[in-house]
Amino acid sequence: MTRTNKKKHLVVVVGPTAVGKTDLCVQLAKHFDTDVISADSRQFFQEMTVGTAKPSLAEQQGVKHYFIDSHHITEDYNAGGYEQDVLALLEKLFEDKDVVVLTGGSGLYVRAVCEGMDEMPEADPKVREELTRQYEAQGLQPLLDKLQERDPIYFAQVDKANPQRIIRAVEVCLSSGIPYSSFRRSEKQERPFNIIKVGLNRDRAELYERIDQRMDLMLEQGLLEEASALYPYRAHNALQTVGYKEVFDYLEGKYDWEEAVRLLKRNSRRYAKRQLTWFNKSPQEYTWFHPQQWQEIVTFIQEQTQA
């Protein structure tokens, strides 16, 4: 996008898992006669459907959705690549549309589109493979120890329950010989369109009940069967995530099915809490609503497009 056009608006809708982003964004897209771009980093992958609560064609209600089923599980796709792909897509969409909706719970991917990604060095694939094998054999602690030794600054900031980010940070440290944190500029990139940020949340008890119900539905729809089919690919980054890890551990005999279901629900609630923590790091950036506050949300967006 080579020229600034602040009359074009990207409506960014975020919130924790199961809060109701899909339904609201479909209605927003219909209201503003536009399309939806997914910023859920797991819904990209064609092989991951049940465990990602991917919206069906019926749930999409005829609204065009991008970055759903866009990649295969074997592809190495990251936030930097997503940033470039979405910016190129927006350039095309804004030729005909004044408003586009971007939604998802993957904070890093949302930030990549809104603010830009730091330039990271290419890491040696062999290093990643070795670190992934180490993680599978020994768990996260040895990798955390390496990260603390080589980059105490990032170690103090990283989500220590997120193996994907920890492996990525360690592989950059090992491949470049330079701390991962030194590549993180935290300089926001100026975008040639207006960004309107909407956050969705519910009362915690209400949200947690919806999460438990979603997990029950996933199990009814065949999460065990889907995860079993994906088990040979379990080392891939996309599968280092809640919903699949618990089933993989069950398949490996680490606990029984009842315990797997309990952990699935507990870890999903914890994941939602981490998502809210991420988006609340800069609370002034998002204006928060309950998903049922339809008129208030539409009025807010319209006011922002006219500001």
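The values are calculated or read from the model by the stated rules, or taken from the named source; none is laboratory data. Note that the structure is predicted; figures quoted are calculated from it, not measured. Here the Cβ is made from the backbone with ideal geometry for all residues, glycine too, and neighbour counts use every protein chain on show.
For the reader, a short list of remarks on this structure follows.
- Residue check, K92 modelled with pLDDT of 95 or more, over 15 Å from the mean Cα position of the chain (by Cα) and surrounded by fewer than 20 Cβ atoms within 10 Å (Cβ to Cβ): yes
- Of all residues in segment 257-303, those being more than 18 Å from S106 (Cα to Cα) and either of a type in the set (A, V, I, L, M) or modelled with pLDDT under 95 (or both) number 8.
- Only one of the numbered conditions (1) of a type in the set (A, V, I, L, M); (2) surrounded by fewer than 19 Cβ atoms within 10 Å (Cβ to Cβ); (3) under 20 Å from the mean Cα position of the chain (by Cα) is violated by I178, and that is (3).
- Taking the listed residues L108, L93, the one that is assigned by TED's automatic domain parsing to the domain that holds T277, without any contact (Cβ under 8 Å) to a residue 60 or more places away in the chain and either under 25 Å from L200 (Cα atoms) or touching a strand residue (DSSP E or B) at 6+ places or on another chain (Cβ under 8 Å) (or both) is L93, with no other qualifying.
Results for (1) buried (at least 17 other Cβ atoms within 10 Å of the Cβ); (2) more than 22 Å from the chain's Cα centre (by Cα), shown as yes or no for each residue.
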position	(1), (2)
V86	yes, no
R128	yes, no
T132	yes, no
Q141	no, yes
K146	yes, yes
V158	yes, no
A161	no, no
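- Taking the listed residues A238, A205, the one that is buried (at least 19 other Cβ atoms within 10 Å of the Cβ), out of contact with any helix residue (DSSP H, G or I) (no Cβ under 7 Å at 6 or more places or on another chain) and not in a strand (DSSP E or B) is A238, with no other qualifying.
- Checked against the criterion of being over 16 Å from the mean Cα position of the chain (by Cα), closer than 25 Å to I297 by Cα and not polar (S, T, N, Q), segment 45-57 contains one or more residues that satisfy it.
- Pair list, Cβ < 9 Å and 6+ apart or interchain, from segment 77-90 residues that are assigned by TED's automatic domain parsing to the domain that holds V113 and closer than 13 Å to R168 by Cβ to residues that are basic (K, R) and surrounded by 15 or more Cβ atoms within 10 Å (Cβ to Cβ): N78/R168; A79/R111
- Qualifying residue in segment 273-284 (condition: without any contact (Cβ under 8 Å) to a residue 60 or more places away in the chain, assigned by TED's automatic domain parsing to the domain that holds C25, charged (D, E, K, R) and not in a loop (DSSP other than H, G, I, E, B)): no
- Pair list, Cβ under 6 Å, 6 or more apart: segment 114-128 residue over 13 Å from N78 (Cβ atoms), other residue surrounded by fewer than 16 Cβ atoms within 10 Å (Cβ to Cβ) and among the basic types (K, R): E115/K188
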